[in-house]
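Working notes, structure below.
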Amino acid sequence: MEETKIIVTLSGADKVGIVAALTAALAKYEVNIEDIKQTIMQDYFVMFLLADIGKSKYSFKEIKDGLMEIANELKMELWVQKKQIFDKMHTI
Amino acid sequence: MTFFSTDSIIETIHMIKLNNLDIRTVTLSLSLRDCIDTDVKIVGDKIYDKITKYAKNLSRYADEIENEYSIPIVNKRIAVTPISLIGESCKEYDYVYLAKVLDKAAEAVNVDFIGGFSALVEKGCTRGDRALLDSIPEALSATNKVCSSVNVATSKSGINMKAVLVMADVIKKSAILTADKDGLAAAKLVCFCNTPSDNPFMAGAFTGYGEPECALNVGVSGPGVVRAAVEKLDKNADMSELANTIKKTAFKITTTGELIGREMAQKLDIPFGVVDLSLAPTPAIGDSVAGIFKAMGLEDAGAHGTTAALAMLNDAVKKGGIMASSHVGGLSGAFIPVSEDAQMIEAAKLGHLTFDKLEAMTSVCSVGLDMICIPGDTPNSTIAGIIADEMAIGMINKKTTAVRIIPVPNKKVGEMAVYGGLLGEAPIMKVNNLSNESFVQRSGRIPAPIHSLNN
């Protein structure tokens, strides 16, 4: 189901344990990761993650709030958005 | 495996974070026609109950969707059936009371504005219409969230000059009653020619007679996104390329509006109405329609060429947006409200943008003379003349035009009027002081124009 897909975008200074911390949190919230891409942009580490929250017993808000806590600890910027916004905006 | 493009993600986040892309408003359109009664207290009770029932979850759902897509939904609003009709069957008219009920209901459901304290009087007033018009100054000064609009002209009916004269007086009185707030009540009041019945933007939102019981209409924004896209273009890009860039950007903005609108309508379990694909500026830095003119190559808004630039912008926004939504409606185009656009304010302060140039621009923009502050001692006849001129532009060109003008009490040309929030601030602009008294006092109606022999 497309409605349950989310895109997580994490960016900030590179350091040890970023992917581990985020994926551990996603596992805790029973979110299935479908794809991960990462890159360095203008000296910043940027990670994009496609996941499905359809089988999680947690709500979108609970998951987003949980991930935000992790991002705050890592001192990184985090965006958690339903994937549909990207699909609608960039395809005819 | 589902495909996803990192470029698309970065672009979307940039549009929201750096270029002020937002959903300006989700507006619940609600018919109040079943609230009519002979007792005004019963009418008030029915209105309050209906609004609080239908809009109970509007604000909460908007917050949820805002969080799910990380796109700001700036305002939640309600538009209702013109109240002139709803209060007209009462044995004793009390439109100010009904305005207060609307305000209380809007407060109870936590929306930013409620529109529909309105009347459609392009051919003449019924008794209820006239009573509503006379009550506007008190109604707007006694409430916080109520917005009022009066349609005084259409291309098919002509211009009701008697109503224009009345509205000039109503605007002046509204400003005077809120003199301590630089005439704020007049900022919540607009006169229209060819008003659309599904517009989600204030102050002109109302639910027209042909609209369904309820619907969810969305107003998108995004001048900052268009400016950024135009700035990125090669400086030598020709006009076709410029127009195409604007079209593509408008498409992206509008699809977002459509998505949010459909989600909201689904959650509220009501039909989705229209996307109004307007470029609505805010006083925030960069979120400016005048900024787009500069990016196009004009030194400032007001330079010769501004009208042409606006015409292309307005048209390209519609062309790009119409493809992105199943139903486009409302005002749809580029707004040019002076006080709500940081670079328009600056251009007006510097004298680059004059009242007359703004009037010329309204012949090709989406609405009209919007959020323009003029001296508080401007005669009523001059205000009536300003309205009549603007209505004539709409009537002849078969487009929507509007006047939202504030004669700021006790202030003179060059001084500033400050409203704050989305309404912003503006310098008092100079108007032409030549007398038009004998012309506007003729009253009556300017006949509808011929619709052939176009020139």
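Structure notes:
- Of residues in the stretch A:1-13 being of a type in the set (A, V, I, L, M, F, W, C) and not in a loop (DSSP other than H, G, I, E, B), the one nearest to the other protein chains (Cβ to nearest Cβ): A:Ile7
- Under the condition of being charged (D, E, K, R), in contact (Cβ under 8 Å) with a residue 24 or more places away in the chain and closer than 13 Å to B:Val109 by Cβ, the residues counted in the stretch B:57-95 number 2.
- Those residues of the stretch A:37-92 which are in contact with a Gly (Cβ under 8 Å, 6 or more places away or on another chain) and among the hydroxyl-bearing types (Ser, Thr, Tyr), in sequence order: A:Tyr44, A:Tyr58
Residue-by-condition table, conditions (1) over 19 Å from B:Val26 (Cβ atoms); (2) modelled with pLDDT of 95 or more; (3) outside the structural domain of B:Asp269 (by TED's automatic domain parsing):
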site: B:Ile171; (1), (2), (3): yes, yes, yes
site: B:Leu177; (1), (2), (3): yes, yes, yes
site: B:Asp182; (1), (2), (3): yes, yes, yes
site: B:Ala185; (1), (2), (3): yes, yes, yes
site: B:Leu189; (1), (2), (3): yes, yes, yes
site: B:Met202; (1), (2), (3): no, no, yes
site: B:Phe206; (1), (2), (3): no, yes, yes
site: B:Gly210; (1), (2), (3): yes, no, yes
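- Matching residues, the stretch A:44-62, being at the interface with chain B (Cβ under 10 Å from one of its Cβ atoms) and of a type outside the set (A, V, I, L, M, F, W, C): A:Asp52, A:Ser59, A:Lys61
- All positions within the stretch B:79-92 that are surrounded by 20 or more Cβ atoms within 10 Å (Cβ to Cβ) and farther than 23 Å from B:Pro200 by Cβ: B:Gly87, B:Cys90
- Residue count for the stretch B:145-168, restricted to those that are farther than 15 Å from B:Lys188 by Cα and part of a helix (DSSP H, G or I): 6
- Index of the failed condition, B:Ser443 passing every other in (1) assigned to a loop (DSSP other than H, G, I, E, B); (2) at pLDDT 95 or above; (3) in contact with a helix residue (DSSP H, G or I) (Cβ under 7 Å, 6 or more places away or on another chain); (4) not basic (Lys, Arg): (2)
- Checklist (1) among the β-branched types (Val, Ile, Thr); (2) closer than 14 Å to A:Gly12 by Cβ; (3) within 11 Å of another protein chain (Cβ to nearest Cβ) applied to A:Ile36, failing item: (2)
- Hits in the stretch B:356-386 (condition: hydroxyl-bearing (Ser, Thr, Tyr) and assigned by TED's automatic domain parsing to the domain that holds B:Thr401): B:Thr362, B:Ser363, B:Ser366
- Complete set of residues in the stretch B:245-280 that are surrounded by fewer than 16 Cβ atoms within 10 Å (Cβ to Cβ) and either of a type in the set (Phe, Trp, Tyr) or within 14 Å of chain A (Cβ to nearest Cβ) (or both): B:Lys248, B:Gln266
- Given (1) under 18 Å from the mean Cα position of the chain (by Cα); (2) crowded, with 24+ Cβ neighbours inside 10 Å; (3) not in a strand (DSSP E or B), index of the condition B:Val111 fails: (2)
- Number of the condition not met by B:Ser438 [criteria: (1) of a type in the set (Gly, Ala, Ser); (2) over 26 Å from B:Ile159 (Cβ atoms); (3) free of Cβ contacts under 8 Å to residues at least 12 places away in the same chain]: (2)
- Check on B:Asp49, over 25 Å from B:Val121 (Cα atoms) and assigned by TED's automatic domain parsing to the domain that holds B:Ser149: yes
The values are calculated or read from the model by the stated rules, or taken from the named source; none is laboratory data. Values in this document were obtained by computation on a predicted structure and should not be read as measured data. Here Cβ is always computed from backbone atoms with ideal geometry, including for glycine, and neighbour counts include all displayed protein chains.
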